[in-house]
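Written below as structure tokens is the structure these notes are about.
The values are calculated or read from the model by the stated rules, or taken from the named source; none is laboratory data. If you're wondering where the values come from, they're calculated on a predicted model, not measured in any experiment. We place every Cβ from the backbone using ideal geometry, glycine too, and count neighbours over all the protein chains shown. What goes into the accessible areas is simple: the full protein's heavy atoms, side chains included, and nothing from ligands, DNA or RNA. Shrake-Rupley method; radii C 1.70, N 1.55, O 1.52, S 1.80 Å.
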Amino acid sequence: MRQAIFDPNCGKPLLLEAIVYYQNKSGNIDKQAPIAFLTLEQRSLIVAQDGKFRVSLYKALLYLAVADAIKSGVLNLLHSEKYRSLDDYMIPKPDWDENRDEYLQRAELSHYSDCQATLKALSQAVDCRYGETNNRFIAGDNPYLTFRSDGTFHVSTPKLEEVDSLPLAGIFPERKYIPLLEALATVDNAAGFLDEFEHWQMKSRHTKPAKKVFFAGIMAYGCDIGHRKLAQISRQINENELDNTLNWYFSLANVQSANDRILQFMDKMEIPDIYRNQAGQLHTSSDGQKVGVSVDSLNANYSFKYLGKDKGASVISFIDMRQMMWHSTVISSAEREAAYVIDGLMHNDVIKSDIHSTDTHGYSEVVFAATYFLNFTFAPRIKGLGRQKLYAFRNGKTKTTGQDTQGFQPDRYINEEIAGTQWDDMLRFIATIKLKKTTASQLFRRLNSYSKQHPLYKALKEFGKIPKTLFILKYADDLEFRQAIEKQLNKVEGSNKLSKAISLGNDHAFSQGEKEDQDIAEGCRRLIKNTLICWNYLYLAKELGKDNNEERKNELTEAIRNDSVMRWSHFNLQGEYDFSDEKMVDSVGL
């Protein structure tokens, strides 16, 4: 309270007066302290029966009032990640008002500038979607959809039929195990990802350490072994040199750029495109995985369901249909994943998602709204989908009552007024994300931190009900769409299993306490995963190019298409054992 710098633009000037007095007195207040911000009952209580001013009670009431004002957004801080004014995170309002058209054009939002035109187009799309889905159900073309007597519905999704093809596992080496070091070196020779590890001090020239030192650092972080232990159990690796390399070369930006270099290399290959369902369309997904944290950390929290009595974090991983992992971040296990979905979609220019899927933890109406404006198709797997509310426009053809037809009927109408009054701020909010002025997670965290829903949050939530309704109707009507979502979410589950296989040290728990260090460790683990996928693609390309037998090539292509390239049984991830005579000598002198 004494050190925090509060925004003078406060919705409760009487409270701000009390704060200024408290700070000027360095907390040593007396009976002259302002009491106008207190309720009548509180004012009567801070003076004891003997007339003495109860300083401790006054301070407690002041702290409670400040905490409540910060959470409600009435009082803001000038220097804070979470509790500044929402306007401070967004494009400045005067700048936006003056250059609105330019910002909309740069953010590719010009076609949404007219609120009424956008809502009218959506109203027509909603009516059309209701009609198509209901007509197919009535005609008997959707046997997987059933309606319950209480008005809810159930839709089943049969598994994709298995195609008789070669198992991909049999194509990879069976009697030979590829060391992780060899895989890293091979992919670096092809993609050159170590070139992205640059010294922090760019102005002065430094002799770059040997490649093996960088590989050791990647394995120390990514496999959760720790660089000191890895240096002591390894040959030709000096502990001081490794420590120095980690300090000066292993920044988060460098690790992310190294991952992007591998992704760029794989993106240019032809084999990964075998996994695309449609040319030019890329389906992606994300999921969170709870991971323990073995040291004290502000980025760790309790999650009894997954971690028992221990604290931990959540690693959110993003993967596309070609098994390329383009983004990951570490958050507290108490946070919801939905706020970070947009961060991954906006992360880089290498992977451009068209359809993105998450499980229930990654979805919210606000995310539906944001992905609509950002031109992503959001396709989550929502638990209890049949009990979700459906919406329509009041002036549309689809009505909530008076219908005798079978199929879907809207439960409620969209409140267009809420969205309309905040339309300009909604566009400013999305433009801020699109132009990368502030990350989406920061904006969402600030909106969610308010104890009372912010008008902008209400507007985004209300608008998000429209694309959510369109998605539910399409999901219930399109079997192939549902199967594609399930298939893509299985890929991110496979990525989580690979993470556990790689993380052989420290019981798959972070030994780093700082969030940035945790992100670096996770980035190195993702670098190893992308390396293994890239190595597999290189191996398959070699197999396809062995001879000119078209029948054999078609056989291999079908094996790739109907299986997963995320296989690691042919890699040696556990290291090598030394059974030499000197290792059997008692080194301690027992």
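Could you tell me how many of the residues in region 146-157 are under 32 Å from the mean Cα position of the chain (by Cα) and touching a residue at least 40 places away in the same chain (Cβ under 8 Å)? Let's see the steps before the verdict.
So the first thing to find is which residues in region 146-157 are under 32 Å from the mean Cα position of the chain (by Cα), and the list is 152-157.
From what is left, the residues that are touching a residue at least 40 places away in the same chain (Cβ under 8 Å) are 152-155, 157.
Residues flagged as under 32 Å from the mean Cα position of the chain (by Cα) and touching a residue at least 40 places away in the same chain (Cβ under 8 Å) within region 146-157 amount to 5.
Considering only residues that are within 29 Å of I382 (Cβ to Cβ) and crowded, with 23+ Cβ neighbours inside 10 Å, which ones fall in region 284-313?
Scanning region 284-313 gives T284, S285, S286, G288, V291, N299, A300, G312, A313.
Output the qualifying pairs, or none if there are none: Cβ atoms under 7 angstrom, residues six or more apart or on different chains, first residue in region 551-579 and within 17 Å of S165 (Cα to Cα), second residue open to solvent by 90 Å² or more (accessible area, probe 1.4 Å) and part of a loop (DSSP other than H, G, I, E, B).
Here the result reads none, with nothing in region 551-579 linked to a residue that is open to solvent by 90 Å² or more (accessible area, probe 1.4 Å) and part of a loop (DSSP other than H, G, I, E, B).
Can you say whether F147 is touching a strand residue (DSSP E or B) at 6+ places or on another chain (Cβ under 6 Å) and open to solvent by less than 90 Å² (accessible area, probe 1.4 Å), as far as the supplied structure shows?
Values: touching a strand residue (DSSP E or B) at 6+ places or on another chain (Cβ under 6 Å): yes; open to solvent by less than 90 Å² (accessible area, probe 1.4 Å): yes.
It is true that F147 is touching a strand residue (DSSP E or B) at 6+ places or on another chain (Cβ under 6 Å) and open to solvent by less than 90 Å² (accessible area, probe 1.4 Å).
(1) under 30 Å from R552 (Cα atoms); (2) open to solvent by 70 Å² or more (accessible area, probe 1.4 Å); (3) in contact with a strand residue (DSSP E or B) (Cβ under 8 Å, 6 or more places away or on another chain): which one isn't true of L180, the others all being true?
Checking L180 against (1) under 30 Å from R552 (Cα atoms); (2) open to solvent by 70 Å² or more (accessible area, probe 1.4 Å); (3) in contact with a strand residue (DSSP E or B) (Cβ under 8 Å, 6 or more places away or on another chain), the one that fails is (2).
For region 110-119, indicate whether the set of residues that are over 21 Å from P410 (Cβ atoms), loosely packed, with under 12 Cβ neighbours inside 10 Å and not hydroxyl-bearing (S, T, Y) is non-empty.
yes
Across region 505-528, which residue is most open to solvent (accessible area, probe 1.4 Å) among those that are small (G, A, S) and farther than 13 Å from S251 by Cα?
Residues of region 505-528 small (G, A, S): 505, 509, 511, 513, 521, 523.
Still in the running and farther than 13 Å from S251 by Cα: 505, 509, 511, 513.
Details: G505: 11, A509: 12, S511: 59, G513: 25 Å².
So the residue we want is S511.
Restricting the first residue to region 259-271 and requiring it to be farther than 11 Å from R322 by Cβ, which pairs with a second residue that is of a type in the set (D, E) and open to solvent by 60 Å² or more (accessible area, probe 1.4 Å) meet a Cβ separation below 8 Å and a spacing of at least six or different chains?
R261/D195
Check A338 against each of (1) modelled with pLDDT under 90; (2) open to solvent by less than 10 Å² (accessible area, probe 1.4 Å); (3) of a type in the set (A, V, I, L, M, F, W, C); (4) farther than 16 Å from S441 by Cα and name the one condition it does not meet.
(4)
From the list D425, D478, exactly one residue is under 30 Å from D68 (Cα atoms) and among the acidic types (D, E). Which is it? Before the answer, list the steps.
Working: D478 fails: under 30 Å from D68 (Cα atoms).
Every option except D425 fails the conditions.
Any idea how many residues of region 205-221 are open to solvent by less than 50 Å² (accessible area, probe 1.4 Å) and either of a type outside the set (V, I, T) or part of a strand (DSSP E or B) (or both)? Spell out how you get there, then give the answer.
Residues of region 205-221 open to solvent by less than 50 Å² (accessible area, probe 1.4 Å): 209-210, 213-221.
If we keep only those that are either of a type outside the set (V, I, T) or part of a strand (DSSP E or B) (or both) as well, we get 209-210, 214-217, 219-221.
The total comes to 9.
List pairs: first in region 491-515 and modelled with pLDDT of 90 or more, second acidic (D, E) and open to solvent by 30 Å² or more (accessible area, probe 1.4 Å), Cβ under 8 Å, 6+ apart or cross-chain?
Taking only residues 6 or more apart or on different chains, the pairs are G513/D296.
From the residues in region 534-580 that are aromatic (F, W, Y) and open to solvent by less than 30 Å² (accessible area, probe 1.4 Å), which one is farthest from I502 (Cα to Cα)? Write out each step before concluding.
Start the filter on region 534-580 by keeping residues that are aromatic (F, W, Y), which leaves 535, 537, 539, 568, 571, 577, 579.
Still in the running and open to solvent by less than 30 Å² (accessible area, probe 1.4 Å): 535, 537, 571.
Values: W535: 15, Y537: 19, F571: 10 Å.
Within region 534-580, the match that is farthest from I502 (Cα to Cα) is Y537.
How many residues, within region 135-144, are open to solvent by less than 50 Å² (accessible area, probe 1.4 Å) and either β-branched (V, I, T) or in contact with a Gly (Cβ under 8 Å, 6 or more places away or on another chain) (or both)?
So the answer is 1.
Here is a list of conditions, (1) within 14 Å of T371 (Cα to Cα); (2) surrounded by fewer than 22 Cβ atoms within 10 Å (Cβ to Cβ), and K468 meets all of them except one; can you say which number that is?
(2)
State whether the residues of region 36-45 include one that is more than 43 Å from the chain's Cα centre (by Cα), among the hydrophobic types (A, V, I, L, M, F, W, C), modelled with pLDDT under 90 and exposed (fewer than 12 other Cβ atoms within 10 Å of the Cβ).
Within region 36-45, none of the residues are more than 43 Å from the chain's Cα centre (by Cα), among the hydrophobic types (A, V, I, L, M, F, W, C), modelled with pLDDT under 90 and exposed (fewer than 12 other Cβ atoms within 10 Å of the Cβ).
Working only within region 389-415, note down all residues that are under 15 Å from L119 (Cα atoms), open to solvent by less than 90 Å² (accessible area, probe 1.4 Å) and modelled with pLDDT of 85 or more.
Y391, A392, F393, Y413, I414, N415
Please list, ordered by first then second residue, the pairs with beta carbon atoms under 7 Å, 6 or more apart or interchain, first in region 2-27 and open to solvent by 30 Å² or more (accessible area, probe 1.4 Å), second among the small types (G, A, S).
Partner pairs satisfying both residue conditions: R2/S26; R2/G27; K12/A69; L14/A36; Y21/A33.
Please state which of the following conditions L168 fails to meet, knowing it meets all the rest: (1) within 30 Å of K211 (Cα to Cα); (2) surrounded by 19 or more Cβ atoms within 10 Å (Cβ to Cβ).
Result: L168 passes all but (1).
Going residue by residue through region 225-243, is there one that turns out to be in a helix (DSSP H, G or I), crowded, with 19+ Cβ neighbours inside 10 Å and within 26 Å of the chain's Cα centre (by Cα)? Can you show your working first?
At the first step, the residues of region 225-243 found to be in a helix (DSSP H, G or I) are 227-232, 239-243.
Subset that is crowded, with 19+ Cβ neighbours inside 10 Å: 227, 230-231, 242.
Pick out the ones that are also within 26 Å of the chain's Cα centre (by Cα) and you get none.
No, region 225-243 contains no residue that is in a helix (DSSP H, G or I), crowded, with 19+ Cβ neighbours inside 10 Å and within 26 Å of the chain's Cα centre (by Cα).
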